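To start, the structure itself, in structure tokens.
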Amino acid sequence: MKPAVLEITQRIRERSAPLRRAYLERLERMARRPRANDRLGCANVAHAYAALPANDKLRVVAERGPNLAIVTSYNDMLSAHQPYETWPALIRDEARRLGATAQVAGGVPAMCDGVTQGQPGMELSLFSRDTIAMGTAVALSHDVFDGALLLGVCDKIVPGLLIGALNFGHLACVFVPAGPMSSGLPNEAKAKVREQFAAGKALMGAGEGMSKGGGAKGWPSRSSAGTATWSAKSLRSDSVLPSAGVSGRTRKSSVVPAATRAETRRASADVPTSSRRRL
């Protein structure tokens, strides 16, 4: 590594030492506390688990099973996040099978700058990261959890989730991506559509490849729900998290052939779910 980089790193390490020490001491104090059911008042506990099914209430209170927070960034506007719609139910079922409970602690916004690019909405893109961080902290501030699953993929969402979760760094957190997007049209077909669009012979957008006034002519959609297939976008979380000291495997590629829903689920099993360790 270049001497200048080492020098700057050491300077940052020394300058941040008091704050880092105070942060780690706070995490130690939080980690040593009794579980939520043992330290909270009866009314707090009653509110926390009021919406749980009866069997889950028994599991988390009487059987002292782990309770997991789910912080989701689901919406229909961001293709990488649309699959999250059904994930809380899947997570709850799997947690139940393993003797735990899971609750959606909160949701955070997730804007698609591919939609807002060149529009006034793009001005909110970077600011949304702070809102996501605050929303994550608000969700975890219920403080009745033994761990958290953070559902998010794209470049503002992952840092926002991380920033918010660091306020509760005593919890084991797992970042859960939504799996890859099926590629739809092959590259040659995409190029042909762009040429037709440039010549005024095709319409671009959701029905990409549709000829003007002539219908779809057999063209499939260019893309689908799932993490975008261009590397700079889909690999963003794999660079943000390791650079912040988060462990995990590196995704080889999120580009897959056109796939059925079952195939996409199988492919998503190989996408890394990075467990955050204490910084």
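The values are calculated or read from the model by the stated rules, or taken from the named source; none is laboratory data. In this text the structure is predicted, and so the values were computed from the model without any measurement. Note that we place each Cβ from the backbone using ideal geometry, even for glycine, and neighbour counts take in every protein chain shown.
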- request: Restrict the check to region 47-54 and report whether at least one residue is over 29 Å from Asp130 (Cα atoms) and outside any loop (DSSP other than H, G, I, E, B).
  value: yes
statement: Across (1) in contact (Cβ under 8 Å) with a residue 40 or more places away in the chain; (2) out of contact with any strand residue (DSSP E or B) (no Cβ under 6 Å at 6 or more places or on another chain); (3) among the acidic types (Asp, Glu), Asp146 clears everything bar (2)
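Given the structure, is Glu94 modelled with pLDDT of 90 or more, over 23 Å from Leu58 (Cα atoms) and of a type in the set (Asp, Glu)? So that I can check it myself, show each step before the final result.
Values: modelled with pLDDT of 90 or more: yes; over 23 Å from Leu58 (Cα atoms): no; of a type in the set (Asp, Glu): yes.
So Glu94 does not fit the description; no.
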- prompt: If you check Ala4, Ala95, Ala48, which single one turns out to be small (Gly, Ala, Ser), surrounded by 12 or more Cβ atoms within 10 Å (Cβ to Cβ) and over 18 Å from Ser141 (Cβ atoms)?
  reply: Ala95
Matching residues, region 69-83, being touching a helix residue (DSSP H, G or I) at 6+ places or on another chain (Cβ under 7 Å) and surrounded by fewer than 23 Cβ atoms within 10 Å (Cβ to Cβ): Tyr74, Asp76, Met77
- request: Filter region 106-147 down to the residues that are within 15 Å of the chain's Cα centre (by Cα) and modelled with pLDDT under 90, then identify the one that is surrounded by the fewest Cβ atoms within 10 Å (Cβ to Cβ).
  value: Cys112
- prompt: Among the residues of region 24-43, how many are in contact with a helix residue (DSSP H, G or I) (Cβ under 8 Å, 6 or more places away or on another chain) and not in a loop (DSSP other than H, G, I, E, B)?
  reply: 2
